[in-house]
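The block underneath contains the structure these notes are about, expressed in structure tokens.
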Amino acid sequence: MSPSSFVDLDSSATTPVSDRVMAAMLPWFREIYANPGSPNPEGERAKAAVIKARESLAEFLGAETREILFTSGGTESNQAAVRSALRARPERRTLLLSAVEHSSILGLIPDLEREGFKVSVIPAGKDGRIDPGEVSALADNNTALVAVMYVNNETGAINPVEEIGEIAHRAGAFFLCDGVAAVGKIPVDAKTVPADFLSLSGHKIHGPKGTGALFVRKGEAFHPLMPGSQERKRRGGTENVPGIVGLGEAARESREFLLEGPGRLERLRDLLEEGVFSLYPEARRNGPENSSLRAPHMANLCFPGMPAEKILLALVREGIYASMGSACSTGALDPSHVLLSMGLSREAALSSLRFSLPRWTSSGDIDRTLSSLGRILGQGASRRVS
Ligand code: PMP
């Protein structure tokens, strides 16, 4: 499916539930509404549906079913992992969080510091990637947790999480890898990424909002954020059966999408970038130059001398949606913490736009975006010199 009235180039903010996911979820709202814990045939059916969804997530992530915990989304998954790690290593008082983490992790810092933990921020390189050497320099036997995301949700930069996970483990720390911006975009395999915790969110992969999962590596003690009897005593609360079924289907569909390969989206993304560079030769890419080091659907572009907010609003008026960074922080006109951590000036960060292409993007969408940008940048440029 694709919207016809507007061009959505903001799929990192969210995605619509796909037709397949919608069809899979519907019966579980009313036809079979039982509590999976109920001792009757309907309860058994609901329980079986949750088991099937867990199998789908496990297959998608290269994990075992008992390593999958259903949550309410990426935020809960990340925060449950941080809290669990701190409780499992009570003698260790330091956390290493990368400068480019999502606010669902960095937003914990004030509370953690009030509780007496020391938080060290791992700096990002100019390309937005985290250098394993920086993690090595900071990790020691007081480190409880290292958190470095797989793919950055603003630049698409792919971090060397295999190496970083090994470093965390050598120091005896847990490794949390926020996989929200990676899953469904690049192959993510828990067999090769040595994460103790890996988070994902349903609404970024055409599943329902308010659903997610946390991979918790087998053998690791897990301390629940919300104690209760469900999810093998790892998360209390009646299971969100329609949501979990929807997430299971979204994982299945994402696997099939990844099997086709990212080539088509990557080519369209490159067309968008090349088009922008020829319209506005001063434009620069924020993120790795080498396309194998960034997710295929993302372009974060700086338009020096042009306030991104103006471009964004002008694009919205033409029915084209992009963003200035994470949807979780827009509204506040602060520059992106991710771009600042890469060394961009405040002005350059406020001149940068994120384009994130959904699966259905067509060459027509890119043409339409470039012709709008041509008009907007042309007007802006003439105003700039006058
Ligand atoms: N991590 C990253 C990288 C994200 O982009 C987001 C969502 N913007 C989250 C975590 C939070 O996920 P959710 O919206 O499901 O809570």
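Quick look at the numbers
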{"item": "Of residues in the stretch 163-207 being free of Cβ contacts under 8 Å to residues at least 60 places away in the same chain and assigned to a strand (DSSP E or B), the one nearest to the ligand (Cβ to nearest atom)", "result": "CYS177"}
{"item": "Any chance ALA283 is closer than 15 Å to ALA182 by Cα, modelled with pLDDT of 95 or more and not acidic (Asp, Glu)", "result": "no"}
{"item": "Within the stretch 285-329, tally of residues that are away from the ligand (no atom under 16 Å from the Cβ), among the basic types (Lys, Arg) and under 23 Å from the mean Cα position of the chain (by Cα)", "result": "1"}
{"item": "Filter result for ASN78 (polar (S, T, N, Q) and either within 16 Å of the ligand (Cβ to nearest atom) or modelled with pLDDT under 95 (or both))", "result": "yes"}
{"item": "Out of ARG93, ARG87, ARG83, sole residue that is within 18 Å of ALA168 (Cβ to Cβ) and either within 16 Å of the ligand (Cβ to nearest atom) or at pLDDT below 95 (or both)", "result": "ARG83"}
{"item": "One residue from VAL119, VAL135 being assigned to a strand (DSSP E or B), more than 11 Å from the ligand (Cβ to nearest atom) and of a type outside the set (D, E, K, R)", "result": "VAL119"}
{"item": "Of the criteria (1) under 15 Å from ILE68 (Cβ atoms); (2) more than 21 Å from the chain's Cα centre (by Cα); (3) within 16 Å of the ligand (Cβ to nearest atom), which one MET226 fails", "result": "(1)"}
{"item": "Only one of ALA332, ALA314, ALA348 that is in contact with a Cys (Cβ under 7 Å, 6 or more places away or on another chain) and either modelled with pLDDT of 95 or more or part of a loop (DSSP other than H, G, I, E, B) (or both)", "result": "ALA348"}
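The values are calculated or read from the model by the stated rules, or taken from the named source; none is laboratory data. Predicted, not measured: the structure shown is a model, and the values here were computed from it. When we count neighbours, we look across all protein chains shown, and the Cβ atoms used for this are built from the backbone with ideal geometry, even at glycine.
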